[in-house]
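S.K.: Pasting a structure here, questions to come.
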Amino acid sequence: MDFNNYEEFGNFLLSLNVTRTFFKPLSENDNSKNQIYFGSSFQVLQQIPFGTIIEFPENKDPNYKANVNFWWINNFGHTSPAPNTQLILYTRYPEVRLSGFLSNCPTAPREYLQPIPREERTNNNGKDGRILIFGICPDNKVYGFLAAKNSSLAKSILTNLYLDKQGKTIQEFPLKGLLGTDKTELVNKLHDIVKTGWHESVRLFPDGKIKPYQASNAGGYTLEALFGIIPNGIAEPDFKGWELKTFSRNRITLMTPEPDQGFYHEKGAKEFVLKYGHDAPNVIKYFTGIHKFDTKNTTSQMTLVIKGFDFNKGTINDMAGGLYLLDNNNIPTAIWTFNGLITHWSRKHSHACYVNYKFEEKKGKSGYIYYSPVYLGENTDLSLFLKTMQSGKIVYDPATKVMLNSKGNMSIKARSQFRINFKDLKYLYEDFYPQNV
C-alpha cells in the first residue's frame, strides 16, 4: 500500500479511529540512538498522550519517563505495538525525547531510523526529508508512520502543510482534507446551543440519562449535557481535544486539582481543614482565602510559592518541585507537584473554549442562556501557567469545608481552585481570540 499524498494517508488514519494528527519533520539526529527530539519545552505533552510520569533520579542526568501506547504502521497498512516506547523528560536542558520506539515491534521502520555516521551527514544535523506522522485515538492509542525521504507522501506534506515556524517542533496534520475540523464541529455545536436560547438546568448522568440538576455549577454541567458529555474527574479534554469552560462572572476557575503531596495529601482534606481552617457560620471549619504567589494570606497565614522553576528561562529545572503552600514556619502543608500539574494542565488545557452564560428562571424552572462570541485559547504549556501565577494573575482560591451531615457526622467538601480574571486569560495561551458562533 503506497500513500501518495497527505489526504490519502489522512483517510487511512480515519479508518483506524484516529481523531487528531500531527507531524514532525525529522533531522539527522532523530534516530534510534539519539532518540527523537521534541523540542526545548514540555509543550509536546499537550499533543502526545502519555502514562504516569516516573522519576529516574539515579541517572547521570536525572530525568522522568512516561510510557506511550505507540503502534507503528508499515507501508502495507499493517500495525503492531512498540511496547517499550516512552517519552523522556530531561529537566536539566530542558527537553523531551521519544525513546524505545523500535524494540519488539515487527512493523517498525528500522531502516529509516538508524544513526547516520558523522562523516555521511549532509544537512549539518538539519531536516533531512523524513516525516514522522502521529495519529491520536480517543483511547490514547498513538499510531506512528514514517514517510521516507523523497517519498510522495513526504513531498506532499512538505509542499502543502509544513510551516517553517521557529519553536514549532510538531505541527498539525489535517484529517478529511480540512485543518481544524474539530474546531469546526465545536463551533457548529455551540452555534446551535446559542441559537436555541434558554436551556433547562440539567446534568448527564453515567447511566446516559439527562435529569434536572440544581447547583451552583449547573451552568457547566448543562453545557456538557448538551454536548453529550458525562462529567468525570479524568484529566482529558471534554470534546474532541477541546476543554469546555463556562463563566458568568469575571473570575474563572481554571482547574481544581487536589494536592498530591504534603500534609493535605497524607492526612486528607478533612484533617487539613480541621488543623488549618477557620471558624465560619454553618460549618465546623472552613479553609478559604485568595492566595497570591509569594504573598502571605491574612486569613490562612500561608504563602503560595513555586519551587523548581526558572522564571527567567521559563523552564522547569527540578521536576521534584511544584506549587507549595507554606505555613508560618515555611513548612509545606500542601504540594501540587510538577508531575501532576503537567499531566493535568497539558492534557486538558492545550485547547480551551470559554463560554459566557446567564442564569434565568422560566416557568418556574431554572435554566441557562449561552452567548456568542465564545473565546478560544490554543497552545499553552505549564510554563505559561506558572509565569501567569508569578505575576499574580492566577490565584489559589480554596473553598474546602468540614460540615455536619444529616446523620450528625463530619463530612468534607474539598474544593482546591486555581482561578483567574477573564481579561487575563490571554496570558495563558499563544493564541486567544473571540469566535462568533
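Values quoted throughout were computed directly from the atomic coordinates according to the rules given, and no laboratory measurement underlies them. Just so you know, these numbers come straight off a predicted model, no measurement behind them. Using ideal geometry, Cβ is built from the backbone for each residue, glycine included, and neighbour counts are taken over all protein chains shown.
S.K.: Can you compute the charge dipole magnitude of the stretch 202-288 about its Cα centre, using +1 on each Lys and Arg Cβ and -1 on each Asp and Glu Cβ, nothing else charged? Give it in debye, rounded to the nearest 20.
M.R.: It comes to approximately 320 debye.
S.K.: Ok, one more. Need one number: convex hull volume per residue for the stretch 6-172, Cα atoms only, in Å³.
M.R.: Dividing the Cα hull volume of the stretch 6-172 by its residue count gives 122 Å³.
S.K.: Give the aspartates and glutamates reachable from K296 as a straight Cα distance under 14 Å; neighbours fewer than 8 places away on the same chain don't count.
M.R.: Candidates past the 8-residue exclusion: D327, D397.
S.K.: With the contact rule set at Cα under 8 Å and sequence spacing of 6 or more, what percent relative contact order holds for the stretch 204-278?
M.R.: Relative contact order, the stretch 204-278: 20 percent.
S.K.: Between Q114 and K358, how many nm apart are label points set 7 Å from Cα along the C-beta direction?
M.R.: The answer from the label model is 6.9 nm.
S.K.: Between K407 and I290, what FRET efficiency comes out of the Förster formula 1/(1 + (r/R0)^6) with R0 = 22 Å and r the beta carbon distance, rounded to 0.05?
M.R.: Calculated value: 0.05.
S.K.: Mind listing which trypsin sites (Lys or Arg not before Pro) in the stretch 328-396 are in a DSSP loop and have 15 or fewer other Cβ atoms within 10 Å?
M.R.: Counting only loop positions with at most 15 other Cβ atoms within 10 Å, the trypsin sites (Lys or Arg not before Pro) in the stretch 328-396 are K363.
S.K.: Moving to a separate point now. Just for the Cα atoms in the stretch 74-160, what are the lengths along the principal axes, largest first, rounded to whole Å?
M.R.: Per principal axis, max minus min of the Cα coordinates gives 39, 38, 27 Å.
S.K.: Over the chain, how many percent of alpha carbon pairs lie in each 20 Å bin up to the one with the longest distance?
M.R.: 23, 52, 23, 2
S.K.: Hey, which of these cross-link pairs are over 25 Å Cα-Cα: K65/K348; K209/K267; K183/K313; K240/K413; K285/K307; K245/K393?
M.R.: Violating the 25 Å Cα-Cα cut-off are K209/K267; K183/K313; K240/K413; K285/K307.
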